[in-house]
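Only one structure is covered here, and it is reproduced in the block below.
The values are calculated or read from the model by the stated rules, or taken from the named source; none is laboratory data. These figures come from a predicted structure and were not determined experimentally. Ideal geometry is used to build each Cβ from the backbone, glycine not excepted, and the neighbour counts take in all protein chains shown. The protein model used for the area step is the full one, side chains on, heavy atoms only, and it has no ligands, DNA or RNA in it. Shrake-Rupley method; radii C 1.70, N 1.55, O 1.52, S 1.80 Å.
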Amino acid sequence: RTRVRRTSTAASPAAECGQSGANSLSERLMLIPAIRKDSTTGYKNVTFNRSKNKFQAEVQDGGKRIFLGCFDTAKGAATAYARSEYGRA
């Protein structure tokens, strides 16, 4: 499995890995709630990685999984997803 990282000027996953990434900009972003009712994080494309004890934001684009970063909070991961080109649907 190949992982491709796409970065934008809004969020750098490598720089934010392990940090919450939430700031005043997140108040203006629309955080996308989970579609599934049994979601444990409450946000779309945000999962909890038990081995790292962190929340991850991942999306699938054309059958490829794209890792957006790992964060201390679910809200930080959801903010990274909302800032990405995939969260603007």
- prompt: For segment 77-89, which residues satisfy the criterion of being in contact with a strand residue (DSSP E or B) (Cβ under 7 Å, 6 or more places away or on another chain), among the polar types (S, T, N, Q) and in a helix (DSSP H, G or I)?
  reply: none
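Which of the residues belonging to segment 35-76 are assigned to a loop (DSSP other than H, G, I, E, B) and at positive phi? I'd like the intermediate steps shown before the answer.
As a first pass, look at segment 35-76 and keep what is assigned to a loop (DSSP other than H, G, I, E, B): 35-42, 44-45, 50-53, 62-63, 72-73.
Listed by number, the residues that qualify are GLY42, ASN45, ASN53, GLY62, GLY63.
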statement: Restricting segment 2-20 to residues that are open to solvent by less than 40 Å² (accessible area, probe 1.4 Å) and not in a loop (DSSP other than H, G, I, E, B), the one modelled with the lowest pLDDT turns out to be GLU16
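For segment 48-66, how many residues are farther than 20 Å from ARG28 by Cα and crowded, with 16+ Cβ neighbours inside 10 Å?
Residues flagged as farther than 20 Å from ARG28 by Cα and crowded, with 16+ Cβ neighbours inside 10 Å within segment 48-66 amount to 6.
Given the residues ASN23, ASN53, ASN45, which is the only one that is modelled with pLDDT of 85 or more, of a type in the set (S, T, N, Q) and more than 11 Å from the chain's Cα centre (by Cα)?
Just a single option satisfies the conditions, and that option is ASN53.
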